[in-house]
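In what follows, a single structure is set out as structure tokens and then discussed.
The values are calculated or read from the model by the stated rules, or taken from the named source; none is laboratory data. As the structure is a computational prediction, the values presented were derived from the model and not from experiment. Glycine gets a Cβ as well: all are built from the backbone with ideal geometry, and neighbour counts include every protein chain shown. Each accessible area value is taken on the protein alone, full model and side chains, heavy atoms only, with ligands, DNA and RNA left out. Shrake-Rupley method; radii C 1.70, N 1.55, O 1.52, S 1.80 Å.
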Amino acid sequence: MAQLKLRNVYKRYDNAEKSFFRFRKAALNDFAVKDLSFDCADGEFVGILGPSGCGKTTTLRMIAGLEEITAGDIFIGDRRINDLLPKDRNIGLAFEDYALYPPLTVYENLAFNMRAKRKTAAEIKKAIDYVAPLLKVENLLEMKPPALSGGQKQRVNIARAIVRHPGLLLLDEPLSHLDGKMRQQLRHEIKRMHHEIKCTTIIVTHDQLEAMSLADRIVIMKDGELQQMGTPLEVYDNPVNEFVAGFIGEPPMNLLSSVIEKGDGVFFFTFPDSDLRVEVPERYRRQVEDKQKVTLGVRPVDVTVAARETRGSFVPIAIYENLGDERRISVRVGSNLLNMATSDDLWYEKDQKVQLEFKAERTHLFDPETGNRIQ
Ligand code: ATP
């Protein structure tokens, strides 16, 4: 097991000239990863999550030693590993493409690296006997990779990564080639395997469900920068900025431009070109002032059609969708749509006017200039 620390890590590709002057001068946009710092505790499962091109794989490859670091430090335990060869980092790697040796049996694929390390046949057998059932590959050991399904190949790939008891297990989009059901199955198995071996693990994914369900904590990146690191619940309940708020959660959080108005001593959120007024929750009263522009965030499950008439204004239904176990309702708020997700069985017609009820304590406020959360 191992603790991992990244400290102010930068990566710029094509960095032939790396003098300090060039480094300072180069626009930060040139960097695939910028000033990235985070820690993984011993045995922790961390997910790196973010949109395509945000620097997830680059980060993983720097940890693995497959990519040079432009600036910053990476530590495993107390050891700075910047200049350590990949083979000396005690890391298990499983990437999206399986890279198994086709002419070798699954057993030989699993044994390959241990043979290179001159382990005895008995040691190799013991390690494979332990790992194969964890990934459910014990019945595949005599088969060769071309005969395996995508899910089976990925199981073998992960088994190969953990068979040598690495200090750190790095998984790069291991489920992305698999279909829905297979993905879910393997996700459960990865989780079970982690409970069993408790190896510090990092998974890179752009699938929030994968990150939320597998990881103890999630690192959310955008444009090479860390946006937030926290438990799945923390990033869902307390997103630090508009990006995280909009990225985590399905369907995504509504983010509405709003102006605060004060009337009769009460603050309201108002919305351009709409009569909708929503009372500002108690906990924000000290943070807002009359005429202030804010972005109001509310998840589709935290706003509902009012069951009985309220003092609030009416808004028209724009879209009503019945998805079986859930209904999606969108109402027009000025030029924006506000989406709701509900399990109630009522049927709504387009343009029907309804009143809304917000779960006030579940709303989020962001500064429209910076996108940062207003505390
Ligand atoms: P995806 O989810 O699509 O795999 P990612 O978040 O893993 O994306 P990276 O692959 O780390 O992102 O890429 C980050 C940035 O670095 C991107 O702008 C990408 O084009 C660039 N990049 C990645 N690899 C190289 C390379 N070998 N040479 C030059 N630029 C690269």
Count of residues meeting criterion [open to solvent by less than 20 Å² (accessible area, probe 1.4 Å) and either at pLDDT below 90 or outside any strand (DSSP E or B) (or both)] in region 252-270:
1
Only one residue in 175, 186, 134, 171 is out of contact with any Phe, Trp or Tyr (no Cβ under 9 Å at 6 or more places or on another chain) and within 16 Å of the ligand (Cβ to nearest atom). Which one?
175
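Hand me the list of strands (runs of 3 or more DSSP E) wholly inside region 279-323 holding 1 or more residues that are surrounded by 11 or more Cβ atoms within 10 Å (Cβ to Cβ), of a type in the set (D, E, K, R) and in contact with a Pro (Cβ under 9 Å, 6 or more places away or on another chain). Can you show your working first?
On the way: elements: 293-298, 303-305, 315-322.
Filter on region 279-323 gives 293-298.
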Subset of region 194-207 (residues that are surrounded by fewer than 23 Cβ atoms within 10 Å (Cβ to Cβ) and of a type in the set (A, V, I, L, M, F, W, C))
197, 199
Within region 324-349, count every residue that is in contact with a Phe, Trp or Tyr (Cβ under 9 Å, 6 or more places away or on another chain), open to solvent by 70 Å² or more (accessible area, probe 1.4 Å) and under 19 Å from residue 296 (Cβ atoms).
0
Among the residues of region 267-279, is there at least one that is among the hydrophobic types (A, V, I, L, M, F, W, C), in contact with a strand residue (DSSP E or B) (Cβ under 7 Å, 6 or more places away or on another chain) and within 16 Å of the ligand (Cβ to nearest atom)?
no
When residue 241 is run through (1) on the phi < 0 side of the Ramachandran plot; (2) open to solvent by 70 Å² or more (accessible area, probe 1.4 Å); (3) in the same structural domain as residue 60 (by TED's automatic domain parsing), the failure sits at (2)
Filter result for residue 127 (under 20 Å from residue 103 (Cα atoms), in contact with a helix residue (DSSP H, G or I) (Cβ under 8 Å, 6 or more places away or on another chain) and either modelled with pLDDT under 90 or surrounded by 15 or more Cβ atoms within 10 Å (Cβ to Cβ) (or both))
no
